[in-house]
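Encoded as structure tokens, the structure appears first; notes follow it.
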Number of protein chains: 8
Amino acid sequence: MEVLILLGSKSDMDKALPCIDTLKEFGVPYTLKIASAHRTPELVDKAIKDAEANGSKVIIAMAGMAAHLPGVVASKTLIPVIGVPISNKNLDGQDALYAIVQMPSGYPVATVAIDGAKNSALLAIQIIAQNNPNLKTKLQANRDKMKAEVMRANEELGL
Amino acid sequence: MEVLILLGSKSDMDKALPCIDTLKEFGVPYTLKIASAHRTPELVDKAIKDAEANGSKVIIAMAGMAAHLPGVVASKTLIPVIGVPISNKNLDGQDALYAIVQMPSGYPVATVAIDGAKNSALLAIQIIAQNNPNLKTKLQANRDKMKAEVMRANEELGL
Amino acid sequence: MEVLILLGSKSDMDKALPCIDTLKEFGVPYTLKIASAHRTPELVDKAIKDAEANGSKVIIAMAGMAAHLPGVVASKTLIPVIGVPISNKNLDGQDALYAIVQMPSGYPVATVAIDGAKNSALLAIQIIAQNNPNLKTKLQANRDKMKAEVMRANEELGL
Amino acid sequence: MEVLILLGSKSDMDKALPCIDTLKEFGVPYTLKIASAHRTPELVDKAIKDAEANGSKVIIAMAGMAAHLPGVVASKTLIPVIGVPISNKNLDGQDALYAIVQMPSGYPVATVAIDGAKNSALLAIQIIAQNNPNLKTKLQANRDKMKAEVMRANEELGL
Amino acid sequence: MEVLILLGSKSDMDKALPCIDTLKEFGVPYTLKIASAHRTPELVDKAIKDAEANGSKVIIAMAGMAAHLPGVVASKTLIPVIGVPISNKNLDGQDALYAIVQMPSGYPVATVAIDGAKNSALLAIQIIAQNNPNLKTKLQANRDKMKAEVMRANEELGL
Amino acid sequence: MEVLILLGSKSDMDKALPCIDTLKEFGVPYTLKIASAHRTPELVDKAIKDAEANGSKVIIAMAGMAAHLPGVVASKTLIPVIGVPISNKNLDGQDALYAIVQMPSGYPVATVAIDGAKNSALLAIQIIAQNNPNLKTKLQANRDKMKAEVMRANEELGL
Amino acid sequence: MEVLILLGSKSDMDKALPCIDTLKEFGVPYTLKIASAHRTPELVDKAIKDAEANGSKVIIAMAGMAAHLPGVVASKTLIPVIGVPISNKNLDGQDALYAIVQMPSGYPVATVAIDGAKNSALLAIQIIAQNNPNLKTKLQANRDKMKAEVMRANEELGL
Amino acid sequence: MEVLILLGSKSDMDKALPCIDTLKEFGVPYTLKIASAHRTPELVDKAIKDAEANGSKVIIAMAGMAAHLPGVVASKTLIPVIGVPISNKNLDGQDALYAIVQMPSGYPVATVAIDGAKNSALLAIQIIAQNNPNLKTKLQANRDKMKAEVMRANEELGL
């Protein structure tokens, strides 16, 4: 597996789907685990150990509220960690954003937008693609597709 | 020792002093450790284990930025954990406040004001005082003193 | 009764249920009162007096907007007070959070997350459990259950 | 006395001076008390009772952080209460603003700007002036003076 | 008429109803006008002039977004002006709150809570009641009623 | 004169200097007035009338706190109005930003950054330059100069 | 064409309609393009070039989240650029507002309210109208109509 | 060179030093350029092209206010981009944080803390270290050193 995805809670699954779908679309093998930093620290530890043993290149961690999971994971491995702040009923994910991006010196988390699951996958793929020309080609194709969609939108709207 | 105080960083020491001074003033034995949730998780674990072995009644954890320490501690013990958000150069401690108070269901942190070190000690003492009539008397005396200070301020200003 | 629960308004009842349910689940006797700091200060006073007379160990106070109830209660008793900021139509409970957590020196309120009623109960139980081994066992069992739920979620999703 | 001024803390005195100076300038008799809602509720009660007995027309209450004083005063009297949020080291007075202005239905506080002590006095004077033609004249003169200052500033700068 | 109510926009009418209903309930005569500070400044001027001519005691001004109406009105009369920030689709009324409460020195606006129409009426009535014992009696009765409602809520819920 | 600059207060002069200097540098004639929307509405009116009579192309209005000046000006003329939110001791200009940018439908204010006096001048010049090829040349030269400064900075630092 | 409208995404079309409708209503010719700063920078470049070639007077750019489009456009042309922050699911458009209005020195964007599409059109028309007496007449008529609507609203409500 | 560092402005150099020092300390070759997204887009383009030609593995982009640089760079290359929000006089870097982290779908920026220059270097090194065992060893040594510093701090303070 190339990517380990950790969800802080089962309830975050819906918001994680764009990440999973994107990794599938790019053919990047991943392992997905629900593993709370507070409820199941051993599960977090085991998932990280397995990821290291399997040569995973990136870990993506998603969590809401006082989202400790990405930072805790970042402190336990040298694998780059991407953090996705998940929005909740209150505060629009601002709490999760601060709890993920404002990491103190020494343990960075590569933070993407609030509910930015798709971008977490793309960032992971960009990191992996540095040593995988095939993936680079797919990334470029994806950008070309995004561009084409804009072009087509203009056409369809007669702009 | 009755209280374990954990500081996320040596640089938080100045802001922790009002907590330490208050515990001293009330004669409440405490142990102080600098123990980062990210840098030294084993030290955090050991401090918690020692606190449990010694029958500590409360743990006070202080940290800034994406302040994970209080929540991580709360997930590792049944001892009540008081969290103190520490302000930094940017954001006025709002990041630490969210990272401490917005804990997900299951692992509460008793959060006090930003830089509220003194109140963290008083809250700890109130918890301990439930089984310590002597401390309750001191707490009441402290409140009487605070009231007297207001009275005296009025007098001194001729109000 | 071990816990006094005070709601600032009848309309907060729905958000208080997770607190009540958790206390019931743990078998912790409680008294519930609707008692506004502004509308019925005498009722607040009486409820606190009764709680003190009955040897209550914790008071949980919930309120929204300019939520004064937890702080006002904290100023009238030495029993530890847990504050729950309740969200309203506007501002996502940020107003209540500030009005509860930012207590001035001398009168701490142990603040939990916005709408964090369940955690207020768990924090109360943790405080009480310091002198109640049976409750400590239940708390540990609850944490084991939360862990098991994460494990089962992984299994059910085939992760 | 026409106006009762209540400061939540002796440390707010500096920020209260523009209020006091303005009342003096307009010749409006006032009583000033330091009276914390939490430390000295009896003093608050007594000051309100005295104000009512003396026919005070307005109460001005200033406080910082989780500023309960204005709202607590408003709940204890029918005299209109003006609240002044005082800024502190952190949060720029945003916490005090929310804790004062977001009063629940039934107990309004007439809130002015953060650190708006001067405006609290002017608002009090406007309320009193409704039955005091002399004060109205002074208020108009004050506005004329403010206008003249702008005119003079333009002249001095050669604009 | 005792009170002039100004709405910045016809679309604010729904949120103004609790103000109108409360004035009716207390038997306080009022005039209501939709009068935008930007669209119809002459209408604003005329309404203020009429209010002054009729001996109005208070003006209530409600507006949303960059809510200039209350401050503009305050600059044109010595009658006390109460401002009600109205929430919109975005920003939860935080923009209107700042645009109303943060008035510069010289022109205070007595600001109440976001969407606090009812409290704007009660504040107006408290100001008027200073010279109207009958209204004071009604205000006290209203507070007694609010207290009774809390008492009844406790009874109904068997608390 | 091509541009009218209005300052809400004499105290904003320091922050207005980059605007004035830029207009001078580009040789764009301007008139500067201190004219508060609340203190001196007649002065505001007169300045706008003069600007219209003189064929001014843009009005720049700067103000802090509940900054009504830009919006009030925008409601009184068809000349495009640029608003500059000025920061104050508290809130970092966030209050002024909201009070200027969140104008309701019908009366736009072209808002620039908090304390963005220089950009207000450049925006004014861009508007005027649409009919002034000479100014366009100067604007392009300014951009070339800014680019050259970056180039030189790289050189000086040996990058 | 007088105005170029650029949308950062096809999904912003609904929020752009009030802009388009207003330009149509005033008879101002415009070109509309969907052109993302990130996906299709060449399309952005081409649209700007065309706008310059066609003598466009204003460019309106709308985007959400980390809304770079208005600022990027502003850096590529001397035509005045109006930016419209578009709100999204989270943060109420506050992110887009900052990303548009807080432009660094040298490249101003004339920012209007969050989701302020209609005002972006009116601001564009005001700029163009400086050299188009017919448009000025229409603008004045529009203001008269807005005023009449307020008058009629008062009549219809019997105010 | 392994890393390209881009600063949006010469004035950000001070805040960039911890990034540069860390890369030096780890012996990671880097190229540093001041290259504004708005002032010198060609310089940005050239720097990216050079980085791609030289096989750079990561680009670090730092900028303040409406910080477009990181996102613009991310849209022009498949190399992973790390963004550092730089704080300014107002808003504490909150504007830059939003303008960097809230990137729309398709173009992620790996965002670190406000003024988190050191962490941007460490994140870059972690990414590079995935294919560089020597760097991994150094990273582990750095973490060991950070841990040792905490240990020593405890010793020095006699804790």
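The values are calculated or read from the model by the stated rules, or taken from the named source; none is laboratory data. What you see is a predicted model, and the numbers here were worked out from it, not measured in a lab. Cβ placement follows ideal geometry from the backbone for every residue including glycine, while neighbour counts extend to all protein chains displayed. Side chains are part of the model used for accessible areas, which takes the heavy atoms of the whole protein and leaves out ligands, DNA and RNA. Shrake-Rupley method; radii C 1.70, N 1.55, O 1.52, S 1.80 Å.
A few points about this structure:
- Compactness of chain B as Cα Rg over 2.2 N^0.38 Å, two decimals: 1.08
- Between chain G and chain H, the total buried accessible area stands at approximately 2000 Å², from heavy atoms with a 1.4 Å probe.
- Computed about the Cα centre, the dipole magnitude for chain D is approximately 260 debye when only Lys and Arg (+1) and Asp and Glu (-1) carry charge, each at its Cβ.
- Peptide C:26-36, shielding by other chains (average Cβ, 10 Å cutoff): 3
- Size of electric dipole in the protein assembly as shown: Cβ of Lys, Arg +1 and of Asp, Glu -1, about Cα centre, debye, nearest 20: 0
- Applying 1/(1 + (r/R0)^6) with r as the Cβ-Cβ distance of B:Ala148 and C:Gln140 and R0 = 60 angstrom yields a FRET efficiency of 0.85.
- Of all chain A C-beta atoms, the nearest to the rotation axis linking A with H is recorded, alongside its rounded Å distance, as A:Ala110, 2.
- Contact order normalised by residue count of chain B, Cα under 8 Å, 6+ apart, percent: 22
- HN-Hα J in Hz across the range H:29-43 - Karplus 6.51, -1.76, 1.60, θ = phi - 60°, x for Gly and Pro: x, 9, 10, 10, 9, 8, 7, 6, 4, 9, 6, 9, x, 5, 5
- The Rg/Rh ratio for the protein assembly as shown is 0.97, where Rg is the radius of gyration of the alpha carbons and Rh is the Kirkwood radius.
- Backbone amide hydrogens, once placed in the peptide plane, bring B:Gly106 within less than 5 Å of C:Asn119, excluding anything fewer than 5 places away on its chain.
- Accessible-area composition of the protein assembly as shown, carbon plus sulfur, in percent [1.4 Å probe]: 51
- Note on the range C:41-107 and the range E:70-130: Cα centroid distance 28 Å, given to the nearest whole angstrom.
- Only the Cβ atoms of Lys and Arg (+1) and of Asp and Glu (-1) were treated as charged; on that basis the dipole of the range E:89-159 about its Cα centre amounts to roughly 300 debye.
- Residue pairs, from the table C:Lys89/E:Lys145; E:Lys76/F:Lys10; H:Lys118/H:Lys138, whose Cα atoms sit over 23 Å apart: C:Lys89/E:Lys145
- Descending semi-axes in Å of the range B:99-142, equivalent ellipsoid built from Cα gyration tensor: 25, 13, 5
- Mean accessible surface per residue for the protein assembly as shown, computed with a 1.4 Å probe while every protein chain stays in place, in Å²: 32
- Listed peptides C:108-118, F:34-44 by packing density, highest first (mean Cβ within 10 Å): C:108-118, F:34-44
- Rounded to whole Hz, the Karplus (6.51, -1.76, 1.60) HN-Hα couplings of the range A:145-157, x for glycine and proline: 5, 4, 4, 5, 4, 5, 4, 5, 4, 4, 5, 4, 8
- The Rg/Rh ratio for the range D:117-159 is 1.16, where Rg is the radius of gyration of the alpha carbons and Rh is the Kirkwood radius.
- Within the straight-line cut-off of under 14 Å between alpha carbons, the aspartates and glutamates reachable from F:Lys24 are F:Glu2, sequence neighbours fewer than 8 places apart in one chain being disregarded.
- Kirkwood hydrodynamic radius over Cα pairs of the range C:10-99, then Stokes diffusion coefficient at 25 °C and 0.890 mPa s, in µm²/s: 181
- Taking amide H as placed 1.01 Å from N in the peptide plane, F:Gly64 has its amide H under 5 Å from the amide H of F:Ile86, each at least 5 places away in sequence or on another chain.
- Per-residue mean of foreign Cβ neighbours for E:69-81 is 5 (Cβ atoms of other chains, 10 Å radius).
- Vicinal HN-Hα couplings computed from phi for the range G:121-136 (Karplus, 6.51 cos²θ - 1.76 cosθ + 1.60; Hz; Gly/Pro x): 5, 5, 5, 4, 5, 4, 5, 5, 5, 4, 10, 8, x, 5, 5, 4
- The overall shape of the range H:47-125 is prolate: from the C-alpha gyration tensor, with semi-axes ordered a ≥ b ≥ c, the ratio a/c is 1.5 or greater and a/b exceeds b/c.
- The aspartates and glutamates whose alpha-carbon is closer than 12 Å to the alpha-carbon of E:Lys33, local same-chain residues fewer than 8 away aside, are E:Asp12, E:Asp45, E:Asp50, G:Glu155, G:Glu156.
- The contact residues of the range E:136-159, meaning those that lose at least 40 Å² of 1.4 Å-probe accessible area when all protein chains sit together rather than their chain alone, are E:Arg143, E:Met146, E:Lys147, E:Val150, E:Asn154, E:Leu157, E:Leu159.
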